[in-house]
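Structure, as structure tokens:
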Amino acid sequence: MVKEDLIRKARDMLPNPANSVESIARILGVSVGTLYNHVPDLKQLRVSSAPGKLEEPRA
């Protein structure tokens, strides 16, 4: 069973684009599949971390 604090740590690391799912799993000592099974919105967390379009500077 995966502990809630481990899931919370994974969720905290996911939005950072420097952290791959594989590296997060390795740091936490779980498999990538475990992350996908216990963090259902994993893909959304990764997508939401993608940089958005920057606004044009106002003159």
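If you look at just the Cα atoms of segment 1-43, how large are its Rg and its Dmax in Å?
9.0, 27
Give me the extension gain from GLN44 to LYS9: residue separation times 0.36 nm, minus the current Cα-Cα distance, reported in nm with one decimal. Working shown, then result.
Values: separation 35, 0.36 × 35 = 12.60 nm, distance 1.62 nm.
My answer for the length gained is 11.0 nm.
Once both labels are modelled 7 Å past Cα along the beta-carbon direction, what's the VAL32-ASN19 spacing in nm?
Reported label-point gap for VAL32 and ASN19 is 1.7 nm.
Since every read-out is calculated from the coordinates, none of them should be taken as a lab result. Remember, predicted model here, so these are calculated numbers, not experimental data. In this analysis, Cβ positions are derived from the backbone assuming ideal geometry, glycine residues included, and neighbour counts consider all displayed protein chains.
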